[in-house]
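Here's the structure, in structure tokens; my notes come after.
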Amino acid sequence: MSEYAVTFDLVDADKDGLISAGELLRLMEVLGQPVSAETAETAVQKLDLDGDGRISLEEFSRYLASTTG
């Protein structure tokens with residue numbers, strides 16, 4: 001399993017293969033960086049390339065790869 005997939009799996013609380021704004025919100029709270037529901041939704045929209053309202057492993061991996069150079 002790739003490094004990105006391991007991280008994705010930790011965030012995907014319901015294990016449906018997608019990250020929702022709610023899951024992202026909970027992650028940020030656990031990390032001690034609470035954000036508003038609106039901020040979590042905006043973050044999901046930015047990473048969501050197919051417009052389904054959630055982040056897939058492919059979308060997540062593309063984002064992380066683009067930020068790590």
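If you check residue 64 against the conditions, is it touching a residue at least 24 places away in the same chain (Cβ under 8 Å) and part of a helix (DSSP H, G or I)? Walk me through it before giving the result.
Values: touching a residue at least 24 places away in the same chain (Cβ under 8 Å): yes; part of a helix (DSSP H, G or I): yes.
Judged against the criteria, residue 64 is a match.
Go through region 9-27 and give me each residue that's part of a loop (DSSP other than H, G, I, E, B), under 10 Å from the mean Cα position of the chain (by Cα) and touching a residue at least 12 places away in the same chain (Cβ under 8 Å). Give the derivation first.
Kept after step one, since they are part of a loop (DSSP other than H, G, I, E, B), are these residues of region 9-27: 12-17, 20.
Right, trim to under 10 Å from the mean Cα position of the chain (by Cα) and you get 12, 20.
Answer for region 9-27, where residues must be part of a loop (DSSP other than H, G, I, E, B), under 10 Å from the mean Cα position of the chain (by Cα) and touching a residue at least 12 places away in the same chain (Cβ under 8 Å): just 20.
Name the residues in region 34-48 that are assigned to a helix (DSSP H, G or I) and not charged (D, E, K, R), would you? Show your work before the answer.
Filtering region 34-48 down to residues assigned to a helix (DSSP H, G or I) leaves 37-47.
If the condition is that a residue be assigned to a helix (DSSP H, G or I) and not charged (D, E, K, R), then 37, 39, 40, 42, 43, 44, 45, 47 are the ones that fit.
Which of the numbered conditions does residue 54 fail, given that it passes all the others? Conditions: (1) basic (Lys, Arg); (2) out of contact with any Asp or Glu (no Cβ under 8 Å at 6 or more places or on another chain); (3) surrounded by 12 or more Cβ atoms within 10 Å (Cβ to Cβ).
(2)
Looking at 30, 44, 35, 6, which one is among the β-branched types (Val, Ile, Thr), surrounded by 14 or more Cβ atoms within 10 Å (Cβ to Cβ), farther than 15 Å from residue 63 by Cβ and without any contact (Cβ under 8 Å) to a residue 40 or more places away in the chain?
Among 30, 44, 35, 6, only 35 is among the β-branched types (Val, Ile, Thr), surrounded by 14 or more Cβ atoms within 10 Å (Cβ to Cβ), farther than 15 Å from residue 63 by Cβ and without any contact (Cβ under 8 Å) to a residue 40 or more places away in the chain.
Which one is nearest to the chain's Cα centre (by Cα), of the residues in region 49-69 that are closer than 13 Å to residue 16 by Cβ and among the small types (Gly, Ala, Ser)? Let's see the steps before the verdict.
Of region 49-69, the ones closer than 13 Å to residue 16 by Cβ are 52-57.
From the residues that got through so far, the ones that are among the small types (Gly, Ala, Ser) too are 53, 56.
Details: 53: 11, 56: 8 Å.
The residue in question is 56.
Restricting attention to region 31-64, which residues are small (Gly, Ala, Ser) and within 21 Å of residue 2 (Cα to Cα)? Let's see the steps before the verdict.
First, the residues of region 31-64 that are small (Gly, Ala, Ser): 32, 36-37, 40, 43, 51, 53, 56, 61.
Scanning region 31-64 gives 56, 61.
The numbers here are math on the coordinates, done by the rules we state, and not lab data. Keep in mind the model is a prediction, meaning the values are calculated, not measured. Note: ideal-geometry Cβ built from the backbone for every residue, glycine included; neighbour counts use all protein chains shown.
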